[in-house]
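Chemist: I'd like to ask you about the structure that follows.
Derivation of every value follows stated rules applied to the coordinates shown; laboratory data play no part. Please read these numbers as outputs of a predicted model, since none were measured by experiment. Note that we place each Cβ from the backbone using ideal geometry, even for glycine, and neighbour counts take in every protein chain shown.
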Amino acid sequence: MGVIDERISGLAELGQQLRVDAVRASARAGSGRPTSSMSAADLMAGLLAGHLHYDFEHPHRAGNDRLVFSKGHASPLLYAMLRAVGAIDEEQLMTYRRLGSDLEGHPTPRLPWVDVATGSLGQGLPIGVGMALGARLGGSSARVWVLCGDGEVAEGSMWEAFAAAADLGLGNLCAIVDVNRLGQTGPTRYEWDTAAYAARIGCFGWHTVEIDGHDPAEIDRALAAAEAEHSRPTAILARTKKGKGVAAAEDKEGLHGKPLQEPEKAVVELGGVRSATVRVSPPRSTEPRQRGERMPLVLPSFPVGTMAATRDGFGKGLEAVGEADPDVVVLDAEVGDSTRTAGFATSFPNRFIECYIAEQQMIGAAVGLQTQGWSPYAATFAAFLTRAHDFLRMAAISGSDLRVVGSHAGVSIGRDGPSQMGLEDLAMMRALWRSVVLYPCDANQAAHLTATMADLPGISYLRTTRAEAPVIYREDELFPVGGSKTLLSSKHDRIAIVAAGITVSESLQAAERLVQDGVPVRVIDAYSVKPLDAAAIRQAAADTGRVLTVEDHRPVGGLGDAVLDAVAGKVPDVRFAKLAVHGMPGSAGPAEQLAAAGIDAAAIVQAAQRLLA
């Protein structure tokens, strides 16, 4: 019994050490959120010293548990933990929030012990679901621990994660909810009513445990109970106090996001600076995941001259990629028959994740899966990806490698109307850091670009369409990222039409009419919207003096703006016009929609004639 008492006493001391370091780092920085760190210090002390299995010298070792700070604003606590295990030293701790420091205001993977960037609340648990799923798919015994704040439980993405984790039976996932009662501007919805949280989370099928989050013995038992669960996820609901241990800050409103006013006095009140080093348990297993053998890629073939939708090229191409690469996994938001991921689901059911209508969870899970070595493709309607834009933004900050596919883009989807039309997605995806945006015009091109995405770093986006279009490329054509295809040209071209996707065939029809009228035209398929083939575009602008862009997208942020960015200020004396979807579409057939939006062949001819006038 004496040994147990000594161990529990040691946990309490470690909690105080973490508090002190959180206070000191924030004070040195002159900013930060020490009170949010202090509330969860005992919870993390218990995890670090008794239940986390991790090799800090080899953070990417197979079998390591994963710890996600969903409440990323408690970063001083994470950095205090890193000092406690010897991963960083005192000097580095004191660089918190300073220019050039890896200890940023919210954690990012600039630190090797941080898998994903956090700070936009409600994202850590959805990502944790993907991590836990990835570990299970790979046969790993590793567990995933996610520290959540009670305030972020108001986020809808949290409830998408609660539902998904229970449905998947992720017994290797534990959410530790720091119920400290206070948010940024006042009390949280349920304050210290852990039973209210337990009732709601429990309804989703989680194992819930309510504890005093400052009692090391209760914390230790709760963490052990989570480890003993194998068939369902666990939520530890810990009643804590913000600013715990410092009378001037404990459970006081108005201190969120501020260093303590008298940090030296607070450190003394907390018992002074400690420098204990924690010995963390090693991984349960360090055996790397057994990977399947990669096979030669055999892409599908669509005969030139036939009609096929680019979503069909994507679907068949995805099956080919899945056959060739056993690390490819596919996530879909319950529209697989429309996005064409259904074929992959049939061929590789163990590597297909049905996320149902939960786009935030889909992207979060994809981010988590790629941290475990999987290569995720995530697909839904382009319009619905806007709901998950914040997850994509944070994934870019994380440096995640994701392949995102948005189908049913543009007015060409037809009669479903504007709620289903992705008309802003090119702008959204172009704006992401280190992103690649691809927009195929035929099925063979779509299949090739689907395969190309498998090896791209960062976030790549493939835009596909519902409507069929003529197959114009042979199956052996190559489509490098950053390239384009000049489909029609001569030495005497008087105008360059730049299109992508569904408007390429319309542009070719328009060019045929213009040529018949004695106007030589250059037509460029800019399938790589980002990076754009700027050299080819500038050459066309210089040769013709006139550039007309055509896109099934809003006029802001899409292909037209990409082309304008490439030409403006770099090629003199160029006349430029942009055709895009300006009005609000209704319900109509695909051809009627293109005509009504002013982006069909007839509209292109008229716009070209205006530029030539």
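Chemist: Taking H as built 1.01 Å from N, whose amide H comes closer than 5 Å to the amide H of Ser375, not counting residues under 5 places away?
Modeler: For Ser375, whose amide H was placed from the backbone, the distant partners under 5 Å are Val328, Val329.
Chemist: Here's something else I'd like to know. For the chain, what proportion of DSSP beta bridges, expressed in % and rounded to the nearest 5, is antiparallel?
Modeler: Details: 9 of 68 bridges.
Beta bridges within the chain, antiparallel portion: roughly 15 percent.
Chemist: Let me understand segment 104-229 better: what is its radius of gyration from the alpha carbons, and its Dmax, in angstrom?
Modeler: For segment 104-229, the Cα radius of gyration and maximum Cα-Cα distance read 14.6, 44 Å.
Chemist: Please give me the summed charge of the neighbours of Arg189: other residues whose Cβ is under 14 Å from its Cβ, Lys and Arg +1, Asp and Glu -1.
Modeler: Charge balance in the 14 Å sphere: -3.
Chemist: Now a separate question. Holding the Cα-Cα limit at 31 Å, pick out from Lys491/Lys570; Lys241/Lys265; Lys71/Lys530; Lys71/Lys316 the pairs that are longer than that. Walk me through the numbers on the way to the answer.
Modeler: Working: Lys491/Lys570 21 Å; Lys241/Lys265 19 Å; Lys71/Lys530 33 Å; Lys71/Lys316 40 Å.
Check vs 31 Å cut-off fails for Lys71/Lys530; Lys71/Lys316.
Chemist: Let me ask something else. What value in Å³ per residue do you get for the convex hull of the alpha-carbon atoms in segment 2-269? Present the calculation step by step, with values, prior to reporting the outcome.
Modeler: On the way: hull volume 31.3 nm³, N = 268.
Cα convex hull per residue, to the nearest whole number: 117 Å³.
Chemist: Let me ask something else about it. Counting only residues 5 or more places away or on other chains, whose amide H sits under 5 Å from the amide H of Tyr527 once H atoms are built in the peptide plane?
Modeler: Under 5 Å from the amide H of Tyr527 lie the amide H atoms of Lys485, each far enough along the sequence or on another chain.
Chemist: Net charge within 13 Å of Phe391 by Cβ-Cβ distance, Lys/Arg positive one each and Asp/Glu negative one each, not counting Phe391 itself?
Modeler: Numbers: positive: Arg387, Arg393; negative: Glu155, Glu160, Glu359, Asp390.
Computed value for this residue: -2.
Chemist: Report the local net charge at Leu137: Lys and Arg +1, Asp and Glu -1, summed over other residues whose C-beta lies under 13 Å from its C-beta. It would help to have the intermediate numbers written out before the result.
Modeler: Details: positive: Arg136, Arg289, Arg291, Arg351; negative: Asp327.
Neighbourhood net charge equals +3.
Chemist: Another question about this same structure. Over the chain, how many percent of alpha carbon pairs lie in each 10 Å bin up to the one with the longest distance?
Modeler: Final binned percentages: 3, 16, 24, 20, 15, 12, 7, 2, 0, 0.
Chemist: Same structure, new question: Is the shape of segment 384-532 best called rounded, prolate or oblate, per the rule: a/c under 1.5 gives rounded, else a/b larger than b/c gives prolate, else oblate, with a ≥ b ≥ c the square roots of the Cα gyration tensor eigenvalues? Mind dumping the intermediate values first?
Modeler: On the way: a/c = 2.12, a/b = 1.63, b/c = 1.30.
Prolate, because a/c is 1.5 or more and a/b exceeds b/c.
Chemist: Here's something else I'd like to know. For the chain, what relative contact order do you get, as a whole percent, if you take Cα pairs closer than 8 Å and at least 6 residues apart? Walk me through the intermediate numbers first.
Modeler: Working: 1467 pairs, mean separation 75.5, N = 613.
So the answer I get is 12 percent.
Chemist: Another one. In square nanometres, what is one fourth of the surface area of the convex hull spanned by the alpha carbons of segment 486-612? Mind showing how you got there, number by number?
Modeler: Working: hull surface 28.7 nm².
The number I arrive at for segment 486-612 is 7.2 nm².
Chemist: In Å and on Cα atoms, what radius of gyration and Dmax does segment 307-470 show?
Modeler: Every Cα atom of segment 307-470 included, Rg and Dmax give 14.0, 41 Å.
Chemist: I'd like the distance between the alpha-carbon centres of segment 58-77 and segment 172-245, rounded to an integer number of Å.
Modeler: Centre-to-centre (Cα) distance: 18 Å.
Chemist: What is the order of Cys203, Cys148, fewest Cβ neighbours within 10 Å to most? Intermediate results must be reported in sequence, preceding the final value.
Modeler: Details: Cys203 12, Cys148 28.
Ranked by crowding around the Cβ, least crowded first: Cys203, Cys148.
Chemist: For segment 427-577, what proportion of DSSP beta bridges, expressed in % and rounded to the nearest 5, is antiparallel? Each step should come with its number before you reach the end.
Modeler: On the way: 5 of 20 bridges.
Restricted to segment 427-577, the bridges split so that about 25 percent are antiparallel.
Chemist: Taking a ≥ b ≥ c as the square roots of the Cα gyration tensor eigenvalues, with a/c under 1.5 meaning rounded and otherwise prolate when a/b beats b/c, else oblate, which class fits segment 455-558? It would help to have the intermediate numbers written out before the result.
Modeler: Values: a/c = 1.68, a/b = 1.44, b/c = 1.16.
Taking the square roots of the gyration eigenvalues as a ≥ b ≥ c, segment 455-558 is prolate.
Chemist: Could you check the spin-label model distance between Gln516 and Ser141? Points 7 Å from the Cα along Cα→Cβ, value in nm.
Modeler: Taking the simple label geometry, Gln516 and Ser141 are separated by 7.4 nm.
Chemist: Taking a ≥ b ≥ c as the square roots of the Cα gyration tensor eigenvalues, with a/c under 1.5 meaning rounded and otherwise prolate when a/b beats b/c, else oblate, which class fits segment 211-270? The partial results should precede the final answer.
Modeler: Working: a/c = 3.67, a/b = 2.49, b/c = 1.48.
Cα axes put segment 211-270 in the prolate bin.
Chemist: Still on this model: Of the trypsin sites (Lys or Arg not before Pro) in segment 9-113, which ones lie in a loop per DSSP and count no more than 16 other C-beta atoms within 10 Å? Let's see the in-between values first.
Modeler: Values: sites: Arg19, Arg24, Arg28, Arg61, Arg66, Lys71, Arg83, Arg97, Arg98, Arg110; in loops: Arg61, Lys71, Arg97, Arg98, Arg110.
Here the trypsin sites (Lys or Arg not before Pro) that fit, given the DSSP loop and packing criteria, are Arg61, Arg98, Arg110.
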